[in-house]
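Notes follow once the structure below has been shown.
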C-alpha cells in the first residue's frame, strides 16, 4: 500500500503540481479521482470540505499549496538553502494571486461581467505575472526560477502555464520567451514526460 493518498477530482487542476512533485521525486502514491456526482456524498469526509487532500500516516492535509510545500520539503525540491526555499514560496504565492483572477473569470455566471474579467485577465493580469516570471528566470540564468536546479516553484508555475495554454491558446507565451523555455525544460524532464504520457486524458 502506498504511503501517500492524494484525492482530487478527475482533472488536472490544483492537484496536478502535486502529482508532478511525486513524479519528479519518483515516489509512489495513490491517485484517487472523484467524479463530480460522487462529491456531495464524499465532501463531509474531509475536514475543510474541499480537495485536494493528502492522506499520510492516517492524517489529512488540505490546501493545495500546503500539500505541495510539505512534499517539496520532504523530497528536497525547495532549493539549496532557506532563502531559495522562501523565494519558492514567494513565487507560488504570486501564482496563487493570478489563479484568483482566473477564478473570478472562470466562475462568473453573468456573461457581461465574465467578458470583462476575461479581458482584464488576458490584458492586465497575465502580462503582469508572466512578465515578472519571465524577468526572474532571465535574472537567474535563463533556465529555472530559483537556483540551479528544478524546484517545486518551477513545477507549480509550469503546471499553471499548461492550464492557461489549454484554456486560451499556446500563443499566450509568445511574449514570454523565458517562461516558454522554463515550460520546455520542465516538460523535458523524463519523469514529467512519463507522467504526461500515462496520466488520464482530461479537458483540464
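FYI, it's all coordinate maths here, none of it is from the lab. Source: prediction; values computed, not measured. We place every Cβ from the backbone using ideal geometry, glycine too, and count neighbours over all the protein chains shown.
Arranged by the count of other C-beta atoms within 10 angstrom, fewest first, what order do 77, 189 take?
In increasing order of surrounding Cβ atoms, one gets 189, 77.
Can you put 109, 159 in order of Cβ neighbours within 10 angstrom, beginning with the fewest?
Placing the least packed residue first, the sequence is 109, 159.
Output the relative contact order of the chain, whole-number percent, from Cα pairs under 8 angstrom with separation of 6+ residues. Kindly include the intermediate steps, with their values, before the conclusion.
On the way: 226 pairs, mean separation 46.2, N = 204.
Answer for the chain is 23 percent.
Take every Cα-Cα distance within the stretch 82-189, group them into 5 Å bins from 0 onward, and report for each bin the whole-number percent of pairs it holds.
P(r) for the stretch 82-189, in whole percents per bin: 2, 12, 23, 25, 17, 10, 6, 3, 1, 0.
For the stretch 70-134, take the alpha-carbon Rg, divide it by the Kirkwood Rh, and send me Rg/Rh. Write down the numbers at each step before the final one.
Details: Rg = 15.6 Å, Rh = 13.5 Å.
With Rg and the Kirkwood Rh in hand, the quotient comes to 1.15.
When the chain is modelled as a GNM with alpha-carbon springs shorter than 10 Å, which of 130, 107, 164 fluctuates the most?
Result for the chain, Cα springs under 10 Å: 107 fluctuates most.
Debye calculation, C-alpha points only, no solvent: report log10 I(q)/I(0) for the chain at q = 0.09 Å⁻¹, in the same order as the q values.
Those come out to -0.35, one per q.
Between the stretch 170-198 and the stretch 4-49, how many Å separate their Cα centres?
23 Å
Take 95, 71, 42 and order them by how many other Cβ atoms sit within 10 Å, fewest up front.
42, 95, 71
Antiparallel as a % of all DSSP beta bridges within the chain, to the nearest 5?
Around 60 percent antiparallel, to the nearest 5.
What is the stretch 82-189's relative contact order, in percent, from Cα pairs under 8 angstrom and six or more apart in sequence? If you can, show how the numbers build up before the last one.
On the way: 80 pairs, mean separation 31.0, N = 108.
About 29 percent, as a whole number.
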